[in-house]
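Reading through the structure tokens given below for one structure.
Derivation of every value follows stated rules applied to the coordinates shown; laboratory data play no part. Every value quoted in this text rests on a predicted model; they were computed, and no experiment measured them. Glycine also receives a Cβ, built like all others from the backbone with ideal geometry; neighbour counts cover every protein chain displayed.
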Amino acid sequence: MSVLDKLKELLKGHEEQAGKGIDKAGDFVDEKTQGKYQSQVDTAQDKLKEQLGRDTDNPPR
């Protein structure tokens, strides 16, 4: 079992909280880098949410 699979199992049922944590971490990085890497941070946030099965910008249908 990969680390990602273990993480998904731990977060099962808490996807919304995980999404909020990802957003908060991205905002922190943006603040510390003064937005210099904002597009890369946004891409990383989207990829993480996708991997965790939760995309708050595009809710599941």
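Side notes on the structure shown:
- Degrees between helix 15-32 axis and first principal axis of the chain (Cα, 0 to 90, nearest 10): 20 degrees
- Projecting the Cα atoms of L48, G21, L7 onto the dipole axis of segment 3-51, where Lys and Arg carry +1 and Asp and Glu carry -1 at the beta carbon, places L7 farthest toward the positive end.
- Only the Cβ atoms of Lys and Arg (+1) and of Asp and Glu (-1) were treated as charged; on that basis the dipole of segment 3-51 about its Cα centre amounts to roughly 160 debye.
- Based on every Cα atom in segment 3-51, Rg and the maximum pairwise Cα distance Dmax equal 11.9, 34 Å.
- Restricting attention to segment 3-51, lysine pairs at least eight places apart or on different chains and with alpha-carbon atoms under 30 angstrom apart total 26.
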